[in-house]
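These notes concern the structure reproduced below.
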Amino acid sequence: MSRKFLHFSRFILSILSIAALFGGSPVHAAANSPAKVQEKAYVQLMRLKTNANKNIASRLTSLHTLSTRIRAMKGLAESEKTKILGEIQANVTDLADLKVKVDRETDSASLVSDMQNASTTYKVSNMVSRASIEASVGRVTSIIGMMSNIGVKFQKRLSLEQSKGKNVSSLESVLADFNARLKDAALQISEARTAAATLDFSSAQTDVKNATADLQAARADISVLLRGLRAL
């Protein structure tokens, strides 16, 4: 081994020993210098901003898609459409404001907090579920109205047959069941609206299902009434 190499090795060892004596190696000190720490914080902030803006863009796309879907929904009352579309637009505006805030943010912790709050505020899935339930409620309500009119006509026909001396007691019992089914269906739909308003979509869906079952039973009563009237 050459003397020059030995002298160089001793020189390096002495430098490292002095660095250790004063709190670490020169390389370690450089990696944790204020400039390096600031650079890492900046890189992290930029990465968070990129992810935040992608998240916001995705939600805006979902809201615009939902807006188109709501406008095309059948069975959803115009007043309800207007209400939901208004909420969608409010969320679009809030997200646009959030993007401005994200772009101006200089602190990573604050940026993370802003996005976490947004995650609990902008629930597109809630709007989709609510709109779907409201559409179902609208359809069932419309059917209840039509079937109620049919019930009135059946009542008039039974009264007419009874005035002719016909025995319609059994048919009156069927009509009573028919009316009870419609009344219960209307109650279930009212409860579905209340549940949807409080974001209890599972209960709302169950209420709509129960109302639909009532209507199916009422439809069966119509068949019985028609056969009975033909047989008089």
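Miscellaneous remarks
- Restricted to segment 18-49, and to residues there that are among the polar types (S, T, N, Q) and within 17 Å of residue 107 (Cα to Cα), the residue that is modelled with the highest pLDDT is 44.
- Test: residue in segment 82-92 that is part of a helix (DSSP H, G or I), of a type in the set (D, E, K, R) and either in contact with a Lys or Arg (Cβ under 9 Å, 6 or more places away or on another chain) or closer than 25 Å to residue 196 by Cα (or both): yes
- Residues being of a type outside the set (Gly, Ala, Ser) and either touching a strand residue (DSSP E or B) at 6+ places or on another chain (Cβ under 8 Å) or in contact (Cβ under 8 Å) with a residue 24 or more places away in the chain (or both) - total across segment 188-206: 6
- Some residue of segment 156-163 being among the polar types (S, T, N, Q), part of a helix (DSSP H, G or I) and within 25 Å of residue 91 (Cα to Cα): no
The values are calculated or read from the model by the stated rules, or taken from the named source; none is laboratory data. Just so it is clear, the structure is predicted and the values come from calculations on it, not from any experiment. Here Cβ is always computed from backbone atoms with ideal geometry, including for glycine, and neighbour counts include all displayed protein chains.
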